[in-house]
Amino acid sequence: MTVSRALTIAGSDSGGGAGIQADLKTFTVLGVYGMSALTAITAQNTLGVHGIYNLPLEAIAQQIDAVASDIGVDAVKTGMLSQAPIIETVAQRIQANRIQNLVVDPVMVAKGGARLLQQDSQQALIRHLLPLAAVITPNLPEAEVLTGRTIRTVDEMKEAARHIHSFGTRYVVVKGGHLDGDALDILFDGETFAEFVSPRHETQHTHGTGCTFSAAITSELAKGRSVHDAVATAKAFITAAIQDTLGLGAGHGPTNHWAYGKRRQQPITT
C-alpha cells in the first residue's frame, strides 16, 4: 500500500476553520496522510483573531525534522509564517531535509483584518521561501502586497502573476475571488496561462478558503499529480466547500471541508 504524505507548516486556528486544522481536514478528505509543524498558536473564532503566540524557532525546526526524517514528506505547504526568523528557519529545514513540492500560501491578513505577516517579513518570504516553491497561491490583496501594484482586472492579474513568477517560484496561482463576476483563478507557469472559473456564491462563510485551497493543491502534488491537475482539483474542492456552507458562528464562518467528498460519493443520475 502506497500512502501519500503531506506536511503543513502553519499556525493553529482554535476555531478550526483555517490554519493546520483546515489543512489536515483537507488532506484527509483527499486521501492523504497529514502531518503538521506548528509555527504559532492563535486564539480565534469567526469574529476575529484574539491572540497570536509564535512558537520558538527550535520547536518549529524540530517538528519539521522529526516528521521528515522518519515518516517522510511527499509535499509540503506553508501558511502563517509571521516573522522573518520563522520564514528563514522553515526555508532552511525544507532545504536540509530535501523536501520537494512546496506550496506557499502567503498568509498576510486574517478575514477579520488581523495582520498575520509582519511588514518587514515580506522580503524574507520573497528572498528565502519563494525560490524553493513549486506553487504560490496569493489572493488579490496578497498579490498587490507582493507586487506593489493595484489589481482590478484579469489583465492586471496576469501581470501580477508574471511579476511574482520572477521571484523564482515555478508556478503562480493568482486567485480572483475579490473581483466581481465569476470566481476566476489564473495559473501561470512562466510561459502560458490557464484559467479556472466557478460561479460566485455569495456568503460570509469563507474563513480559511486560502488555507483549504492550498492544502488541496498540496494533497494532489503529494499523490504525484501535475500542478495543473492539482489546481483543478483544488478549485473543485474549495467551490464545494463554499457552496455547501455549514453556517457556523456569527462572523466569517468556516467552509465545509466534507462537501467535496460527499459530492463525489453521490450517485450519478441521468
Q. Gain in length, residue 2 to residue 58, computed as 0.36 nm per residue apart minus the alpha-carbon separation, to one decimal in nm?
A. 17.0 nm
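Please sort 9-19, 248-258 by packing, taking for each peptide the average over its residues of neighbouring beta carbons within 10 angstrom, highest first. Can you show the working numbers first?
Numbers: 9-19: 25.5, 248-258: 20.4.
The densest-packed peptide leads the list: 9-19, 248-258.
In what sequence, largest accessible area first, do 49, 231 appear using a 1.4 Å probe?
The ranking, largest first, comes out as 49, 231.
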Q. If one computes the Cα centroid of the range 154-170 and of the range 200-235, what distance in Å separates the two points?
A. 19
Q | Value of D in µm² per second that Stokes-Einstein yields for the chain, Kirkwood Rh from Cα pairs, at 10 °C (1.306 mPa s) | A | 87
**Q.** Relative contact order (percent, whole number), the chain, Cα cutoff 8 Å, 6+ residue spacing
**A.** 19
Q) Using a Cα distance threshold of under 24 Å, what count of lysine pairs results for the chain when pairs must be 8 or more residues apart or interchain? A) 20
Q: Specify the residue with the greatest mean-square fluctuation among 209, 218, 150, computed from a Gaussian network of the chain linking alpha-carbon atoms under 10 Å apart.
A: 150
Q) Taking all protein chains as present, what is the carbon and sulfur share of the accessible area of the chain, in % to the nearest whole number, probe 1.4 Å? A) 49
Q) Based solely on its DSSP helices, what 222 nm [θ] is calculated for the chain when runs of n ≥ 4 H residues each add -39,500 (n - 2.57) and the sum is averaged over all residues, nearest 500 deg cm²/dmol? A) -11000 deg cm²/dmol
(Q) Rolling a 1.4 angstrom probe over the protein chains, ignoring ligands and nucleic acids, what is the accessible area of residue 202 in square angstrom, nearest 10? (A) 150
Q. Could you give the accessible area per residue of the chain, probe 1.4 Å, as a whole number in Å²?
A. 44
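The values are calculated or read from the model by the stated rules, or taken from the named source; none is laboratory data. Since the structure is predicted, the reported quantities are computational estimates derived from the model, not experimental observations. All Cβ positions, glycine included, derive from the backbone under ideal geometry; neighbour counts span all protein chains shown. Heavy atoms of the whole protein, side chains included, go into the accessibility calculation; ligands, DNA and RNA do not. Shrake-Rupley method; radii C 1.70, N 1.55, O 1.52, S 1.80 Å.
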